[in-house]
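What follows is a single structure, written as structure tokens, with notes after it.
The values are calculated or read from the model by the stated rules, or taken from the named source; none is laboratory data. In this text the structure is predicted, and so the values were computed from the model without any measurement. Note: ideal-geometry Cβ built from the backbone for every residue, glycine included; neighbour counts use all protein chains shown. Ligands, DNA and RNA are excluded from the accessible area calculation, which covers all protein heavy atoms including side chains. Shrake-Rupley method; radii C 1.70, N 1.55, O 1.52, S 1.80 Å.
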Amino acid sequence: KRPALSRKLTQLLSAMEDARTLLIVLQDNPDPDAIASAAALRALAHARAGLVCSIAHGGVVGRAENRAMLRYLGLRLHPIRRIDFSRFDRIAAVDTQPGAGNNSLPPSVAPHIVIDHHPMRPLTRRAGFTDVRSRCGATSTILHEYLRQAGIRPDTGLATALLYGIRSATHDLGRETTRADINAYLAQHE
């Protein structure tokens with residue numbers, strides 16, 4: 001039996017209603033938490049809303065382990081400078097926010113969805129759906145909770161990415177770690 005959907009997950013799924021496409025925007029130089037979070041949102045959006053997802057960023061994926069993670073997950077990131085935003089029904093910012101200075105989202109483009117673990121930015125309040133938990137150690141933790149609540153069991157690749165995203169963002173659970181981060185980390189071992 002599936003658990004009852006949380007209020008936040010219900011709101012997130014409502015933000016995806018009547019859409020066919022979703023653009024997930026990451027920070028310019030995405031780290032493991034951002035990459036894992038994007039993969040998790042893509043899985044959720046596809047499974048629960050039937051959306052076709054694309055992922056974009058503005059900088060480079062410079063670290064070898066981050067490039068390996070993209071290959072492992074089969075993710076292809078698109079340069080944001082080549083994105084025609086009008087082709088997407090919904091836009092999500094993940095592990096970043098509008099006006100944060102670490103992404104290349106044009107000021108004229110307001111995301112519909114923002115999911116992040118950094119402190120709330122003023123422009124984020126314009127989004128139709130926000131889940132910004134600054135006390136949480138990783139955005140991967142938030143996306144893990146959504147997958148679990150939606151009854152979606154991550155495959156081995158996604159579970160590994162979420163685990164690594166949490167470990168990376170919290171410095172092996174040693175920095176800004178909450179009980180939710182620990183629970184999400186341990187769940188990836190199930």
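Here is how the numbers come out for the structure above:
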{"item": "Residue, nearest to the chain's Cα centre (by Cα), within the range 49-66, restricted to residues that are of a type outside the set (S, T, N, Q), at pLDDT below 95 and in a helix (DSSP H, G or I)", "result": "Glu65"}
{"item": "Lone qualifier among Ala34, Ala64, Ala68 - being in contact with a strand residue (DSSP E or B) (Cβ under 9 Å, 6 or more places away or on another chain) and not hydroxyl-bearing (Ser, Thr, Tyr)", "result": "Ala34"}
{"item": "Hits in the range 29-44 - residues which are within 11 Å of Leu143 (Cα to Cα) and either of a type in the set (Gly, Ala, Ser) or assigned to a loop (DSSP other than H, G, I, E, B) (or both)", "result": "Ala34, Ala36, Ser37, Ala38, Ala39, Ala40, Ala43"}
{"item": "Residue list for the range 93-109, filter: open to solvent by less than 40 Å² (accessible area, probe 1.4 Å) and under 16 Å from the mean Cα position of the chain (by Cα)", "result": "Ala93, Val94, Asp95, Thr96, Gln97, Pro98, Ala100, Asn103, Leu105"}
{"item": "The one condition in (1) over 20 Å from Glu17 (Cα atoms); (2) basic (Lys, Arg); (3) in contact (Cβ under 8 Å) with a residue 24 or more places away in the chain; (4) in contact with a helix residue (DSSP H, G or I) (Cβ under 8 Å, 6 or more places away or on another chain) that Arg121 fails to fulfil", "result": "(4)"}
{"item": "Among the residues listed as Arg121, Arg133, Arg126, the single one being basic (Lys, Arg) and under 16 Å from the mean Cα position of the chain (by Cα)", "result": "Arg133"}
{"item": "Those residues of the range 6-42 which are in contact with a Cys (Cβ under 6 Å, 6 or more places away or on another chain) and open to solvent by 20 Å² or more (accessible area, probe 1.4 Å), in sequence order", "result": "Arg42"}
{"item": "Filter pass, Val52 being over 18 Å from Ser104 (Cα atoms), open to solvent by 60 Å² or more (accessible area, probe 1.4 Å) and hydrophobic (A, V, I, L, M, F, W, C)", "result": "yes"}
{"item": "Hits in the range 75-92 (condition: open to solvent by less than 60 Å² (accessible area, probe 1.4 Å) and either of a type in the set (Val, Ile, Thr) or under 16 Å from the mean Cα position of the chain (by Cα) (or both))", "result": "Leu75, Leu77, His78, Ile80, Ile83, Arg90, Ile91, Ala92"}
{"item": "Selection within the range 110-130 - touching a Ser or Thr at 6+ places or on another chain (Cβ under 9 Å) and either crowded, with 20+ Cβ neighbours inside 10 Å or of a type in the set (A, V, I, L, M, F, W, C) (or both)", "result": "Pro111, Ile113, Val114, Ile115, Asp116, His117, Met120, Thr124, Phe129, Thr130"}
{"item": "Selection count where residues are more than 15 Å from Asp116 (Cβ to Cβ) and open to solvent by 20 Å² or more (accessible area, probe 1.4 Å), scope the range 140-190", "result": "27"}
